[in-house]
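Okay, structure first, notes after.
Derivation of every value follows stated rules applied to the coordinates shown; laboratory data play no part. Just so it is clear, the structure is predicted and the values come from calculations on it, not from any experiment. For neighbour counting, all protein chains shown are included, and Cβ atoms are generated from backbone atoms with ideal geometry for every residue, glycine included.
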Amino acid sequence: MTVAGPSDEVRRLPGRTRVGYALGSLVTGAFGTVPGLLLLPYLTDTLGVAAGIAGLLVLLPKAWDVLINPMAGRLSDRRGDRRPFLLGAGLALGVLFAAIFAGPFRSGAPAGAYVAFAFLAAATAFALFQVPYVAMPAELTDGYAERTRLMTWRVAVLALAILISGALAPLIVEQTGGGRTGHRWAGLFVGALIVVGTLATYWGTRTAPTRAPEQVEPSLRAQLAVAAANGPFRALLLCFVLQSVGIATMLAGVQYFADHVVGRAGGSSILFAAFVGPALLVMPLWTRAGHRLGKRRSMVLASLIFAVGALALLAAPGLPALPIYLIVAVIGCGYAGQQVFALSMLPDCIAADTERTGRRQAGVFTGVWTAGETLGLALGPGIYAVVLQIFGYASSVTGEAAAQTDTARLGVLLGFSVLPALLVAAATLSLRRYPDTLRS
């Protein structure tokens, strides 16, 4: 399938617009990373919530986002300028994120209920930021290659945001006393990072083109019908959602893997640095791979690198720390490629739909896309929590992980290695229906 469209000989975006747009990844990276990293261990090892219940408390607010994201897409499509959504929702998200870890209750059901409610409010604000943010690339440029360049900038900042938030947040918890106090400081730090990213994106894209408001589809069912009519989008969405589940499962297990397999103080921060740091270096290589192999083949290659690296972690209990960190770095290289190509293929699908139908309805597609991504990111911690529960993981109210049985440690390992590998590898099968030649 080849979709005809404008030539890639289009005006390049100004550097200020590329950088301004990319800095929004400080928001998406921080919120996409830190709850998956800290929230489940916070509930089980500080508030004393059983692993299965904790997983449910993390899952339900994100499941709500599956409903709110398409609504956010319809709202942003009705405006000519998506930037006001970014500003209002991003600032609210910064405050609400800090509130997640600022609960007045020490443990038990009230503490768990407070966290779930605060997380629900933050997830709603995030939906109102993320949906218009993801919709913008298809409207910023008509160039196929220019969208890849824009996404390379975005994913580079995304990797940096994950590195900063994911590596520093656990370190802040440890250095400020651990437990509830340490988590409060980490929440304030990440909330401030979200505010900085929001303001930078709002001002950096102020000269970006806008469009006339659209007459959007009137219902969620109609939105899903629009998305379902786009075959390449369906294939890409299924792949991305399954891979999000796998990545989120691994993310949820970082602290547990550091505590019970690596067994080193500060191990979670080092694991994060090992995962994200190489991504900043390999981003230009993935861009070249995309030009040579095509986006679809390059995404499959990146996914297989991720999956093979994750399976290699089965050997971690018998390895010193350094080889473990090197394996995680290989996984991070694969993760970087997955993000670059998924996020650059999405606006290709949207632009092809515009060419086919004559209608600009990017918010419809990004609403469904972010709903799927949110579902995947929610299912990951929930699945990992179920694995912990099945293998007998013991919770704690001390702020420190309790001693675990060999069976529980095996669950920690399998949930961090085999499960993400299988999910990420299996997801690539859906890309058989995504055409190599899709361009617009």
Any idea what angle helix 144-175 forms with the longest principal axis of the chain, computed on alpha-carbon atoms, 0 to 90 degrees, nearest 10?
20
If the viscosity is 0.692 mPa s and the temperature 37 °C, what Stokes-Einstein diffusion coefficient in µm²/s follows for the range 15-433 when Rh is the Kirkwood radius over Cα pairs?
156
Can you give me the distance in nm between label points at Arg149 and Leu422, each placed 7 Å from the Cα along the Cα-to-Cβ direction?
4.3
Which of Thr357, Thr366 has the fewest other C-beta atoms within 10 Å, and how do the rest follow up to the most?
Thr357, Thr366
Taking 10 °C and 1.306 mPa s as the conditions, I'd like the Stokes-Einstein D for the range 286-440 in µm²/s, using the Kirkwood hydrodynamic radius from alpha carbon pairs.
88
Helix 231-252 vs. the chain, principal-axis angle (Cα, 0 to 90°, nearest 10):
20
Cβ under 15 Å from Phe105's Cβ, Phe105 left aside: what net charge do those residues give with Lys, Arg +1 and Asp, Glu -1?
+3
Treating only the Cβ atoms of Lys and Arg (+1) and Asp and Glu (-1) as charged, compute the dipole magnitude of the chain about its Cα centre; round to the nearest 20 debye.
900
Rounding to the nearest 10 and keeping the result within 0 to 90°, find how far the Cα-based axis of helix 418-427 lies from the longest principal axis of the chain.
10
With each pseudo-label sitting 7 Å past Cα toward Cβ, what's the Arg356-Arg292 distance in nm, one decimal?
3.2
Ranked on Cβ counts within 10 Å of their own Cβ, fewest leading, His260, His291 go His291, His260
Under a plain spin-label model, where a point goes 7 Å from the Cα along Cα-to-Cβ, how far apart in nm are Ala229 and Leu67?
2.7
For a footprinting-style exposure proxy, rank Arg292, Arg18, Arg433 by other Cβ within 10 Å, fewest first.
Arg292, Arg433, Arg18
